[in-house]
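Enquirer: I am attaching a structure below and will ask some questions about it afterwards.
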Amino acid sequence: MYVPAAFRVDNVSELARFVEEHAFAVLVSAQHGDCVATHVPFLVERDGDAMILRAHMARANPQWRAWGAAEALVVFSGPHAYVSPRWYESRDNVPTWNYMTVHAYGTPRLVEDRERVLDLVTALSRRYEGDVRDAWDVRELSPERLEAFLDAIVAFDIPVTRLEASYKLSQNRTVADRRGAVAALRREGSGALADAMERF
């Protein structure tokens, strides 16, 4: 990924926080010379700076069948929005797009152990069900339904070997231009991006 120096983020703790917060990502890998992609919710396991991405996809999805020793790319995207020159001190500028993204690289490993697959499915549902009183739990499935579900998916881990990040948040603009963009983005409903611009 092309990342100008002004937009580069190398802090592993910050990138891990971002990945956890924006965990529905695009998994890209090669298959017979073509790029293939699947949109997948991930769980993130951390041990210091080490990170493992855990997920599953439909067994019917052919993407996993081509995995070997080749690296895959996982693209995590955060808030983004158009930035107009009319928000700057001078309109004698060009429009741009502000965004936050993290690319994680690693080699996918299939998870064959049934208990580990069940642990993954359980953890994913707990994460996304949240703390609601009537949260759904995988143990609500009948034994037959659970077995059919587990047969229909392929679980995998991706130990992350490299992270790249671009937080393009107008760091290359004047303070006045940044303030103008932040105010306009808030008015237009892009508060998360405006918050990020203020933070970074």
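The values are calculated or read from the model by the stated rules, or taken from the named source; none is laboratory data. Bear in mind that the values here come from a model prediction, so they are computed numbers and not experimental data. Positions of Cβ are generated from backbone atoms using ideal geometry, with glycine treated the same way; all protein chains shown enter the neighbour counts.
Enquirer: Of (1) among the basic types (Lys, Arg); (2) touching a residue at least 60 places away in the same chain (Cβ under 8 Å); (3) surrounded by 17 or more Cβ atoms within 10 Å (Cβ to Cβ), ARG178 satisfies all except one. Which?
Expert: The one condition ARG178 does not meet is (2).
Enquirer: Tally up the residues in the stretch 106-127 that are surrounded by 15 or more Cβ atoms within 10 Å (Cβ to Cβ) and in contact (Cβ under 8 Å) with a residue 24 or more places away in the chain, please.
Expert: 9
Enquirer: Another question about this same structure. For the stretch 102-153, which residues satisfy the criterion of being out of contact with any Leu (no Cβ under 6 Å at 6 or more places or on another chain) and among the small types (Gly, Ala, Ser)?
Expert: Hits for the stretch 102-153 are GLY106, SER125, GLY130, ALA135, SER142, ALA148, ALA152.
Enquirer: Among the listed residues VAL28, VAL3, VAL40, identify the single one that is closer than 30 Å to GLN171 by Cα, of a type in the set (Val, Ile, Thr), within 16 Å of the chain's Cα centre (by Cα) and surrounded by 15 or more Cβ atoms within 10 Å (Cβ to Cβ).
Expert: VAL28
Enquirer: Restricting to the stretch 138-174, name every residue that is surrounded by 11 or more Cβ atoms within 10 Å (Cβ to Cβ), without any contact (Cβ under 8 Å) to a residue 40 or more places away in the chain and assigned to a loop (DSSP other than H, G, I, E, B).
Expert: Of everything in the stretch 138-174, just one residue is surrounded by 11 or more Cβ atoms within 10 Å (Cβ to Cβ), without any contact (Cβ under 8 Å) to a residue 40 or more places away in the chain and assigned to a loop (DSSP other than H, G, I, E, B), namely LEU141.
Enquirer: Let me ask you something else. Working carefully through the options VAL28, VAL36, VAL75, VAL40, find the one that is over 30 Å from PHE200 (Cβ atoms), in a strand (DSSP E or B) and at pLDDT 95 or above.
Expert: Checking each option against the conditions leaves just VAL36.
Enquirer: Separate question: Please go through (1) touching a strand residue (DSSP E or B) at 6+ places or on another chain (Cβ under 7 Å); (2) hydrophobic (A, V, I, L, M, F, W, C); (3) outside any strand (DSSP E or B) for MET51 and return the number of the only condition it doesn't satisfy.
Expert: So the condition that MET51 fails would be (3).
Enquirer: Would it be correct to say that ARG187 is crowded, with 18+ Cβ neighbours inside 10 Å and either closer than 18 Å to PHE42 by Cα or free of Cβ contacts under 8 Å to residues at least 24 places away in the same chain (or both)?
Expert: So ARG187 fails the test.
Enquirer: Residues in the stretch 86-99: is at least one in a helix (DSSP H, G or I) and modelled with pLDDT of 95 or more?
Expert: Yes, because at least one residue in the stretch 86-99 is in a helix (DSSP H, G or I) and modelled with pLDDT of 95 or more.
Enquirer: Here are some residues: ASP10, ASP34, ASP47. Which one is among the charged types (D, E, K, R), surrounded by fewer than 12 Cβ atoms within 10 Å (Cβ to Cβ) and within 25 Å of ARG114 (Cα to Cα)?
Expert: It is ASP47.
Enquirer: Consider the stretch 1-21. How many of its residues are touching a Phe, Trp or Tyr at 6+ places or on another chain (Cβ under 6 Å) and either in a helix (DSSP H, G or I) or free of Cβ contacts under 8 Å to residues at least 60 places away in the same chain (or both)?
Expert: So the count comes out to 2.
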